[in-house]
Amino acid sequence: MDDVYVREIDEDKKHIFEFGSPKIFTGDLLNILNDHPTCLLIDAHDEHSTAIRQHLTDMHAEVIDHRKWGAPWPIIEIVKSGLNKAVGLQKISSHYNIPQERIIAFGDEDNDFEMIEFAGHGIAMGNAIPELKSLANHTTLTNEEDGIALYLEEVLGL
């Protein structure tokens, strides 16, 4: 994981960044960022999320893409245009010579569209947004119902 730069630490969301044990820097972002970030996260309350995303589309559509995270995090994720989970999957599959049809990917939110479409087996979680379910090859149970484990047990005979 990359380093994390935040204006201030919100104790309710600090656990989001604990995976991978990144260094966390706090302060004025204009003063502490020393390189171009790969991703920017906005903690947006649901009532503001649509307006913020519309503004990002209206003002910056040619250079950025934005997606929202699923519950319980009201996060808008901003990345360089064309950078998404499918790009990462393609790089890994190419490096390890894994055929696309042998890739299984699971998703539930709009930041998973390209990945689900790229994978040979794109699986929507039971709690996925409707648009992702319609794009996926299959839908499994929710995260809380161990949908990934049950799908893999069934398909791979585990």
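Scan segment 5-31 residue by residue and report those that are among the hydrophobic types (A, V, I, L, M, F, W, C), surrounded by 13 or more Cβ atoms within 10 Å (Cβ to Cβ) and more than 16 Å from the chain's Cα centre (by Cα).
Within segment 5-31, Val6, Ile24, Phe25, Leu29 qualify.
Tell me, yes or no, whether segment 15-29 has at least one residue that is under 20 Å from Ile129 (Cα atoms), outside any helix (DSSP H, G or I) and free of Cβ contacts under 8 Å to residues at least 40 places away in the same chain.
The answer is no; no qualifying residue exists.
Is it true that some residue in segment 91-107 is modelled with pLDDT under 95, surrounded by 13 or more Cβ atoms within 10 Å (Cβ to Cβ) and assigned to a helix (DSSP H, G or I)? Full working, then the answer.
Our first condition is that a residue be modelled with pLDDT under 95; within segment 91-107, this holds for none.
Among the residues of segment 91-107, not one is modelled with pLDDT under 95, surrounded by 13 or more Cβ atoms within 10 Å (Cβ to Cβ) and assigned to a helix (DSSP H, G or I), which makes the answer no.
For segment 7-21, what are the residues that are closer than 22 Å to Arg67 by Cα and modelled with pLDDT of 80 or more?
Listed by number, the list holds a single entry, Arg7.
Criterion first (within 28 Å of Asn127 (Cβ to Cβ), touching a residue at least 12 places away in the same chain (Cβ under 8 Å) and either among the aromatic types (Phe, Trp, Tyr) or part of a loop (DSSP other than H, G, I, E, B) (or both)) does Leu83 satisfy it?
Details: within 28 Å of Asn127 (Cβ to Cβ): yes; touching a residue at least 12 places away in the same chain (Cβ under 8 Å): yes; either among the aromatic types (Phe, Trp, Tyr) or part of a loop (DSSP other than H, G, I, E, B) (or both): yes.
Against the criterion (within 28 Å of Asn127 (Cβ to Cβ), touching a residue at least 12 places away in the same chain (Cβ under 8 Å) and either among the aromatic types (Phe, Trp, Tyr) or part of a loop (DSSP other than H, G, I, E, B) (or both)), Leu83 qualifies.
With respect to Asp46, is the statement that it is closer than 25 Å to Ala124 by Cα, loosely packed, with under 11 Cβ neighbours inside 10 Å and touching a residue at least 24 places away in the same chain (Cβ under 8 Å) true? Lay out the reasoning, then the answer.
Working: closer than 25 Å to Ala124 by Cα: yes; loosely packed, with under 11 Cβ neighbours inside 10 Å: yes; touching a residue at least 24 places away in the same chain (Cβ under 8 Å): yes.
So Asp46 passes the test.
List the number of the failed condition for Ile92; all other conditions in (1) of a type in the set (Val, Ile, Thr); (2) under 24 Å from Asn143 (Cα atoms); (3) in the same structural domain as Ala124 (by TED's automatic domain parsing) hold.
Every condition holds for Ile92 apart from (2).
If you scan segment 108-158, which residues turn out to be in contact with a strand residue (DSSP E or B) (Cβ under 8 Å, 6 or more places away or on another chain), touching a residue at least 24 places away in the same chain (Cβ under 8 Å) and among the charged types (D, E, K, R)?
Asp108, Glu109, Asp110, Asp112
Select, from Glu62, Glu18, the only residue that is over 21 Å from Asp3 (Cα atoms) and either of a type in the set (Phe, Trp, Tyr) or out of contact with any Gly (no Cβ under 9 Å at 6 or more places or on another chain) (or both).
Residue meeting the stated conditions: Glu62.
Of everything in segment 108-158, what is assigned to a strand (DSSP E or B) and either among the aliphatic types (A, V, I, L, M) or in the same structural domain as Pro74 (by TED's automatic domain parsing) (or both)? Give them in sequence order.
Result: Ile123, Ala124.
The values are calculated or read from the model by the stated rules, or taken from the named source; none is laboratory data. No experiment lies behind these values; they were computed from the predicted model shown. Don't worry about glycine lacking a Cβ; one is built from the backbone with ideal geometry, like all the others, and counts go over all protein chains shown.
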